[in-house]
Every structure is written in C-alpha cells, then in structure tokens.
1. What FRET efficiency do you get for residue 241 and residue 58 if R0 is 22 Å and r is their Cβ-Cβ distance, rounded to the nearest 0.05?
2. Give a residue-ordered list of calculated ³J(HN,Hα) values for the range 34-45 (Karplus: 6.51 cos²θ - 1.76 cosθ + 1.60, θ = phi - 60°; whole Hz; x for Gly, Pro).
3. Would you mind ranking 42, 117 so that the residue whose beta carbon has the fewest other beta carbons within 10 Å leads the list?
4. Rounded to the nearest 10 degrees, what's the angle between the helix 6-28 long axis and the longest principal axis of the chain, both from Cα atoms, 0 to 90?
5. Which of rounded, prolate or oblate describes the range 1-81 when judged by the alpha-carbon gyration tensor and an a/c cut-off of 1.5?
6. Quick one: 202, 51, fewest Cβ neighbours within 10 Å first, how do they rank?
7. Under the rule that a partner needs its Cβ under 4.7 Å from the first Cβ, which Cys of the chain have none?
8. Residues with amide H under 5 Å of residue 64's amide H, sequence separation 5 or more or different chain, H placed in the peptide plane at 1.01 Å from N; which?
Amino acid sequence: MQLLDGKFVSEKLKQQIAIEAAEILDKTGRKPHLVAILVGHDGGSETYVASKIKNCEKVGFNSTLYRYESSITEDELLKKIDEINQDPETDGILVQLPLPKHISADKVTEKISPEKDVDGFHPVNLGRMQRNLPSFLPATPYGILLMLQEYGIDTSGKHCVVIGRSNIVGSPMSILMARNTNPGNCTVTICHSKTPDIKKFSLDADILIVAIGKKNFVTADMVKEGAIVIDVGMNREISTETKSGYKLYGDVDFENVAPKASWITPVPGGVGLMTIVGLLKNTLASAKKEIY
Ligand code: NAP
C-alpha cells in the first residue's frame with residue numbers, strides 16, 4: 001500500500017502557487033484576492049474557512065472574510081454577493097456551506113458571478129465542465145484530480161466507482177472521471193443511498209471514491225485487492241485526544257482497507273488539504289483571467 005499524501009502534495013503545489021502569485025504582484029502590483037463569506041457559527045465551517053484564509057496568506061494572496069449571524073436574511077446576503085461581484089479588486093468569492101435553513105444555497109450559488117465562482121458550484125461552471133470547456137472545477141474533485149496527476153496514476157480504462165452524488169463532490173467527480181481527459185477516461189459507476197447492494201459495485205472498482213459522510217462506511221470486504229481508494233469523508237467527533245477537542249474520521253475504515261489498497265488517502269491529511277489547493281488554483285486562474 002502506498003499513501004496518497006495530501007500533506008506532501010499540497011505543500012508542493014502551494015509553493016508553485018506562491019511563485020505565480022509573486023509574479024502577478026510583480027507585473028500588476030496586486031495580489032490575487034479571495035473573499036469568503038461565513039454565516040453562523042457551525043464549528044466545522046469555522047475551521048474550514050479559517051484554514052482557507054490562512055492558506056491564502058501562506059501563498060501570498062489577499063483575503064477578506066465577511067461574517068454574518070444566522071439571522072441575516074437571504075436578501076441581505078444576495079445583495080452583499082452582488083456588491084462583491086462588482087468589485088474589480090476581488091478575484092474569487094466563496095460562501096461556506098451549509099447555510100441556515102431560511103437561505104437557499106441554490107440561490108446563493110447562482111448569485112455568485114461564474115467569473116468569480118472559485119468553488120466551481122455555479123451551474124454555468126458545472127455545465128462548462130461537463131462540456132470540457134474552460135471552467136472553474138469544483139474544488140474537492142479538482143483537488144483529487146491534482147493528487148492523481150501528481151502521483152502519475154493512469155486512470156484510463158479503469159472502472160471508477162463513486163459513492164455519493166452530491167452537487168459539490170460525488171456528481172462532478174463522476175463526470176470528471178468519465179471525461180476524455182487525463183485523469184479521466186474511466187468507466188464510471190455512481191452509487192447513492194438508493195443503491196441496493198453497494199458492495200456488488202465497490203468490489204469491482206479499480207478506483208473507489210467515497211463521499212457520503214458516514215464514518216467507516218467502506219469496510220475491507222467491500223474493496224478489491226489493489227484498488228485505489230480515495231476517501232472524501234470528513235466526519236467530526238468530539239474527542240479528548242486532540243487539542244482542538246475534535247477528531248476527524250473518513251468514510252473508509254482506513255486501518256483494515258489500507259492493506260488491500262494499492263494507493264489510499266488518509267483522513268486527515270488527504271483530500272481535505274487538496275480541496276484548499278483546488279480553491280487556491282481556481283483563485284489564481286481567475287486573477288490571471290485564464291478561464292473567462
Ligand atoms: P451530502 O451532500 O450529504 O451527500 C451525501 C451523498 O451520499 C448523497 O448523494 C447520499 O445519497 C449519499 N449517501 C448517504 N448515505 C449513504 C449510504 N448509506 N449509502 C450510499 N450513499 C449514501 O455530502 P457531501 O457534501 O458530498 O459530503 C460527503 C462527505 O464528504 C462529508 O463527510 C463531508 O464532510 C465530506 N466533504 C469533504 C470535503 C473535503 O475537502 N475533504 C469536501 C466536501 C465534503 P442520496 O443522494 O441518495 O441522498
């Protein structure tokens with residue numbers, strides 16, 4: 001078994017991003033600028049946004065964080081996004097999900113200008129992705145592609161099984177793995193909560209990508225010998241063992257699955273770190289006007 005080491009790869013790619021950001025500053029006198037919006041006080045969201053902001057600093061980007069209480073109305077939030085859409089000093093906007101129930105995540109996602117949609121969730125970017133046109137790719141699937149690329153893993157002709165079909169991970173991941181690109185060119189099966197016998201499919205997977213949000217859902221008996229296993233799950237549990245008071249678990253039973261896998265991502269230290277790289281690369285591409 002070999003580790004798909006998100007810590008190692010993300011550090012390497014962030015060094016390259018920092019070099020490009022410095023070049024942009026040299027040429028234009030300005031840094032790439034990411035604006036993040038956080039509504040409410042969800043513990044996971046606070047951690048993820050703080051990490052995104054910290055990483056912006058690390059690679060030499062500007063960042064701005066707008067924080068709102070959960071009482072903000074949908075209208076107020078949409079107006080703020082409109083304002084940031086118009087700001088020429090902003091290259092990327094992200095609104096951390098989930099949002100409170102009275103705010104439609106779909107409306108918010110669609111309000112962000114596709115040209116600044118560095119999370120890659122806007123239907124215009126998803127449509128362009130599907131057509132294989134230049135687009136901001138959703139940050140997590142993008143991070144996974146970058147990881148496969150860095151390790152030189154040839155995905156062509158492989159059977160890729162994706163478990164989970166969310167708009168932000170499973171669904172775009174399945175499209176990307178089926179596209180005529182590298183990584184890509186897989187035969188893809190997508191499983192979800194209505195799939196009766198997931199094991200039947202997962203056992204045939206050369207590449208198994210799991211994004212459902214259920215701790216240790218994938219057990220060793222569900223995985224083929226030699227499979228590549230990518231665990232997107234981030235299940236937070238209260239713990240007395242860590243300084244933060246939380247421990248992260250993946251959707252894959254790492255300890256028992258790892259001996260069967262050819263390659264596997266750990267949690268933490270895997271896909272989560274690569275998601276941030278996907279976000280930074282999208283912001284850089286926006287600053288360089290590479291997509292639009
Ligand atoms: P989500 O929107 O809740 O979607 C979960 C998906 O899993 C749905 O498609 C659901 O099926 C499917 N599912 C749920 N239970 C299942 C079961 N027992 N068997 C088969 N399929 C099942 O979740 P998400 O946003 O994609 O996130 C998934 C996990 O990835 C979470 O742990 C999240 O925290 C993590 N995540 C990590 C990163 C990262 O950077 N590492 C980024 C985003 C998300 P239905 O469609 O039928 O309901």
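1. Calculated value: 0.25.
2. For the range 34-45, the Karplus-derived couplings read 10, 10, 10, 10, 10, 10, x, 10, 4, x, x, 4 Hz, x marking Gly and Pro.
3. 42, 117
4. Value to nearest ten degrees: 20.
5. Verdict is oblate for the range 1-81.
6. With the sparsest Cβ surroundings first, the list reads 51, 202.
7. Taking the Cβ cut-off of 4.7 Å, the unpaired cysteines of the chain are 56, 191.
8. 34, 35, 36
No value in this document is a laboratory result; all are computed from the given coordinates. Just so you know, these numbers come straight off a predicted model, no measurement behind them. Positions of Cβ are backbone-derived with ideal geometry, glycine not excepted, and every protein chain shown enters the neighbour counts.
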